[in-house]
Amino acid sequence: MNNETQKTTFLYQLKSYGFKKFIISFDFIVSVSILVTMFIDRYFKLDIFYSGDSDYVIGIFAVASTLFAIVLAALAIILSFSSSEFMSFLKKNNKLAPLLFLFWIANGAYLVVIILSTVYLVFNLERCFFLKEYLYPFIIATFIYAVINTFYLLATVIRFGHFLDIYERFKQDKK
């Protein structure tokens, strides 16, 4: 794998974005807090949280699938409106990777929700009690993470537009 291709891998992008920045983010902390709280609820049988059933998981699956497609379409639209010169400008100013990585994270989170929901729906929950009790909190926590992250994608799109405006002014000033 050549150096430029390696720069597009998830781990390289995560390292570039900052693992600490990823872990100590509002969306990650909220989702982990919800996961831990749901596990405590399950362990001590407090019944504060709904234990989930297939109908809820199907609903989450449908919403996650739809948002996955919307985020992917938004990325495609943004990239299609961008010229190669603008992309080079963002890359030169170290803004391209952080902008694009947030799309990767959001779609990755939705994909995890889709996969976990599929596992939840495929297995016989009467026989796999563990799945019903402990997979459902992972689905909920990951879904909440993805939804909050989608809000940050809105800010990313706004930043993208802001950088496009800066680039256009920069181009005009050069003339």
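The values are calculated or read from the model by the stated rules, or taken from the named source; none is laboratory data. Computed from a predicted structure; not experimentally measured. Heads up, the Cβs are rebuilt from the backbone with ideal geometry, glycines too, and the neighbour counts pull from every protein chain shown.
Give the residue, chosen from Thr37, Thr8, Thr66, that is under 30 Å from Lys95 (Cα atoms), surrounded by 12 or more Cβ atoms within 10 Å (Cβ to Cβ) and β-branched (Val, Ile, Thr).
Values: Thr37 fails: under 30 Å from Lys95 (Cα atoms); Thr66 fails: surrounded by 12 or more Cβ atoms within 10 Å (Cβ to Cβ).
Step by step, each of Thr37, Thr8, Thr66 is checked, and only Thr8 is under 30 Å from Lys95 (Cα atoms), surrounded by 12 or more Cβ atoms within 10 Å (Cβ to Cβ) and β-branched (Val, Ile, Thr).
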- Matching option when the condition is surrounded by 13 or more Cβ atoms within 10 Å (Cβ to Cβ) and either out of contact with any helix residue (DSSP H, G or I) (no Cβ under 8 Å at 6 or more places or on another chain) or in contact (Cβ under 8 Å) with a residue 60 or more places away in the chain (or both), among Ser80, Ser31: Ser31
- Return yes when Phe44 is over 14 Å from the mean Cα position of the chain (by Cα) and touching a residue at least 40 places away in the same chain (Cβ under 8 Å) and no when it is not. no
- If we keep only residues of the stretch 1-33 that are assigned to a helix (DSSP H, G or I) and among the charged types (D, E, K, R), then the residue modelled with the lowest pLDDT is Glu4
- Item | Contacts under 6 angstrom Cβ, first residue in the stretch 96-118 being closer than 12 Å to Thr8 by Cα and outside any helix (DSSP H, G or I), partner at pLDDT below 95 and among the hydrophobic types (A, V, I, L, M, F, W, C), 6 or more apart | none
- Please determine, by comparing only the residues of the stretch 34-55 that are closer than 14 Å to Phe130 by Cα and hydroxyl-bearing (Ser, Thr, Tyr), which one is modelled with the lowest pLDDT. Ser51
- Message: Scan the stretch 123-131 and tell me whether some residue there is charged (D, E, K, R), over 30 Å from Val57 (Cα atoms) and over 14 Å from the mean Cα position of the chain (by Cα).
- Response: no
- Query: Restricted to the stretch 109-156, and to residues that are farther than 18 Å from Thr66 by Cβ and aliphatic (A, V, I, L, M), which residue is surrounded by the most Cβ atoms within 10 Å (Cβ to Cβ)?
  - Reply: Ala141
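Please indicate, with yes or no, whether at least one residue in the stretch 132-144 is assigned to a helix (DSSP H, G or I), without any contact (Cβ under 8 Å) to a residue 40 or more places away in the chain and over 12 Å from the mean Cα position of the chain (by Cα).
There is at least one residue in the stretch 132-144 that is assigned to a helix (DSSP H, G or I), without any contact (Cβ under 8 Å) to a residue 40 or more places away in the chain and over 12 Å from the mean Cα position of the chain (by Cα).
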- Can you find a residue in the stretch 157-173 that is under 20 Å from Gln13 (Cβ atoms), more than 19 Å from the chain's Cα centre (by Cα) and in a helix (DSSP H, G or I)? yes
- Task: Return yes when Phe10 is in contact (Cβ under 8 Å) with a residue 24 or more places away in the chain and out of contact with any His (no Cβ under 8 Å at 6 or more places or on another chain) and no when it is not.
- Result: yes
- Message: If a residue must be surrounded by 12 or more Cβ atoms within 10 Å (Cβ to Cβ) and either of a type in the set (A, V, I, L, M, F, W, C) or part of a helix (DSSP H, G or I) (or both), how many such residues does the stretch 40-63 contain?
- Response: 12
